[in-house]
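The values are calculated or read from the model by the stated rules, or taken from the named source; none is laboratory data. From a predicted model like this one, the values you see are computed outputs, not experimental measurements. Backbone-built Cβ (ideal geometry, glycine too); neighbour counts: all protein chains shown.
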Protein chains: 2
Amino acid sequence: MGRRGLLIVISAPSGTGKGVLRRHLLREMPELRFCLSVTSRPPRPGEVEGVDYYFVSPEEFQRRLEAGAFVEWAEVYGNLYGTPALEIKEALERGEDVLLEKDVQGARTLREKFPDGVFIFILPPDRQALEERLRGRGTEDQENLERRLATAWEELAQLKNYDYVVVNDRVEEAVAQLRAIVTAERCRTSRIDFSHPYFQWIRRI
Amino acid sequence: MGRRGLLIVISAPSGTGKGVLRRHLLREMPELRFCLSVTSRPPRPGEVEGVDYYFVSPEEFQRRLEAGAFVEWAEVYGNLYGTPALEIKEALERGEDVLLEKDVQGARTLREKFPDGVFIFILPPDRQALEERLRGRGTEDQENLERRLATAWEELAQLKNYDYVVVNDRVEEAVAQLRAIVTAERCRTSRIDFSHPYFQWIRRI
């Protein structure tokens, strides 16, 4: 049955493991079109250009920003992050389901631009897990870590603005829930294109 | 995480195979509490008391109706069908997810009483399949069949009042979609009980 492409936004404070979930989800639902963000920050150890982000210089980011290339952008901890507009727009128009992984700030802006998007908030199993994951990343100095923790607490309070909440306790279970959300949203009556040929036989009644 | 019980209503015109889907779904999600309807009509071949319906005499149905035992009831093709109120109410209060299989008329009344219920419309793969299934049942005389077909066309027009649409083309796929809808609805932010102990650590921030 015909329908428009879904925009699915996975979001969470840093340290909830949303990147791991996203990679699992893409493996299990390879038809999802993952649109990377552009960032001006340098890659962290293990991060790969074209897999985790499009890494550009601050000057190049600024140039694209002025050219209107981003559907939303934000400065987070002194680095610039942007979501490419054209790639998402074209994929949705082709009927593809688009997956984005955004910080809480970015998700909020996207919600305004895509009110019928599917916004999913990932929660850590508990406070300790969140702190451990932020510490365990090992790429942050103590000041950065404290700042990230403080931001995380603030961001958690925004979960009520999301459509769905998934607790990242057991990865397999969390991924199964993400898959179920995508599958269910595809069945939503409000998303179905009733001009599709399938519905001819009902309308002709 | 704590949440109230879900009320899930599967509905469709006769001849879309919703009974088969319901049985598969219950096998795969045995935690769902299936609440049977009460009917005054005699069992069809193969139908079992306490499995498909509670079969009662028209007089007994009337007695229960007057006692306020039904959350909704309807006369369909001269037979009475009712949904027991107490069983559903108590299960939902215990946090159990309740599954109901209702005709389109019954579902509409339930929607008014349970606005936050999950209403799923089952569609046949095409018009021919619907006609064949109604004929294939072999329990209807020609006049009944024509009447059922006419009603089916009318009822199909109501699918826009449902939250989800599942096409019963391949049974396994349709059941997977039903499972996904239940799983996803359990993750809906609006259904989460934020007074649950899990959320203490977020609120205390």
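Per-residue answers, yes or no, for (1) aliphatic (A, V, I, L, M); (2) closer than 30 Å to B:Arg3 by Cα; (3) in contact (Cβ under 8 Å) with a residue 12 or more places away in the chain:
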| position | (1), (2), (3) |
| --- | --- |
| B:Lys102 | no, yes, yes |
| B:Gly106 | no, yes, yes |
| B:Thr109 | no, yes, yes |
| B:Phe119 | no, yes, yes |
| B:Leu134 | yes, no, yes |
| B:Asn144 | no, no, yes |
| B:Arg148 | no, no, yes |
| B:Ala152 | yes, no, yes |
| B:Ala157 | yes, no, no |
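So that you can scan it fast, the table gives a plain yes or no per residue for (1) over 15 Å from the mean Cα position of the chain (by Cα); (2) more than 24 Å from B:Leu7 (Cβ to Cβ):
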| site | (1), (2) |
| --- | --- |
| B:Lys160 | yes, no |
| B:Val165 | no, no |
| B:Val175 | no, no |
| B:Ala184 | yes, no |
| B:Cys187 | yes, no |
| B:Phe194 | yes, no |
| B:Trp201 | yes, yes |
### Query
Identify, please: which residue in the range A:174-184 is in contact with a helix residue (DSSP H, G or I) (Cβ under 7 Å, 6 or more places away or on another chain) and touching a residue at least 24 places away in the same chain (Cβ under 8 Å) and is, among those, nearest to the other protein chains (Cβ to nearest Cβ)?
A:Ile181
### Task
List every residue pair whose Cβ atoms sit under 6 Å apart, with the two residues 6 or more apart in sequence or on different chains, where the first one lies in the range B:44-68 and is among the acidic types (Asp, Glu) and the second, anywhere, is part of a strand (DSSP E or B).
B:Glu49/B:Phe55
### Summary
Within the range A:159-173, of all residues that are surrounded by 18 or more Cβ atoms within 10 Å (Cβ to Cβ) and within 10 Å of chain B (Cβ to nearest Cβ), the one farthest from A:Phe119 (Cα to Cα) is A:Val167
### Query
Quick one: in the range B:186-205, which of the residues that are facing chain A (nearest Cβ under 7 Å) and not basic (Lys, Arg) is surrounded by the most Cβ atoms within 10 Å (Cβ to Cβ)?
B:Cys187
### Task
State whether the residues of the range B:169-184 include one that is in contact with a Pro (Cβ under 6 Å, 6 or more places away or on another chain) and of a type outside the set (Lys, Arg).
yes
### Query
Across the range B:17-40, which residue is nearest to B:Gly82 (Cα to Cα) among those that are touching a helix residue (DSSP H, G or I) at 6+ places or on another chain (Cβ under 9 Å) and in a loop (DSSP other than H, G, I, E, B)?
B:Ser37
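Each row is one residue, and each column tells you yes or no for (1) modelled with pLDDT of 80 or more; (2) over 21 Å from B:Val9 (Cβ atoms).
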{"position": "B:Ala129", "(1), (2)": "no, yes"}
{"position": "B:Arg135", "(1), (2)": "no, yes"}
{"position": "B:Glu140", "(1), (2)": "no, yes"}
{"position": "B:Asn144", "(1), (2)": "no, yes"}
{"position": "B:Ala152", "(1), (2)": "no, no"}
{"position": "B:Glu155", "(1), (2)": "yes, no"}
{"position": "B:Leu159", "(1), (2)": "yes, no"}
{"position": "B:Asp163", "(1), (2)": "yes, no"}
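Residue by residue, here is whether (1) closer than 19 Å to A:Arg133 by Cβ; (2) touching a Lys or Arg at 6+ places or on another chain (Cβ under 8 Å) holds:
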residue	(1), (2)
A:Leu6	no, yes
A:Gly15	yes, yes
A:Arg22	yes, no
A:Glu60	no, no
### Query
Could we say that B:Leu156 is touching a strand residue (DSSP E or B) at 6+ places or on another chain (Cβ under 9 Å) and either within 7 Å of another protein chain (Cβ to nearest Cβ) or over 20 Å from B:Glu31 (Cα atoms) (or both) here?
yes
### Message
Given the criterion in contact with a strand residue (DSSP E or B) (Cβ under 8 Å, 6 or more places away or on another chain) and either of a type in the set (Val, Ile, Thr) or closer than 30 Å to B:Gln200 by Cβ (or both), identify the matching residue among B:Gly5, B:Gly106.
### Response
B:Gly5
### Task
Quick one: which strands (runs of 3 or more DSSP E) lie wholly within the range A:54-107 and hold at least 1 residues that are within 12 Å of the chain's Cα centre (by Cα)?
A:79-84, A:98-102
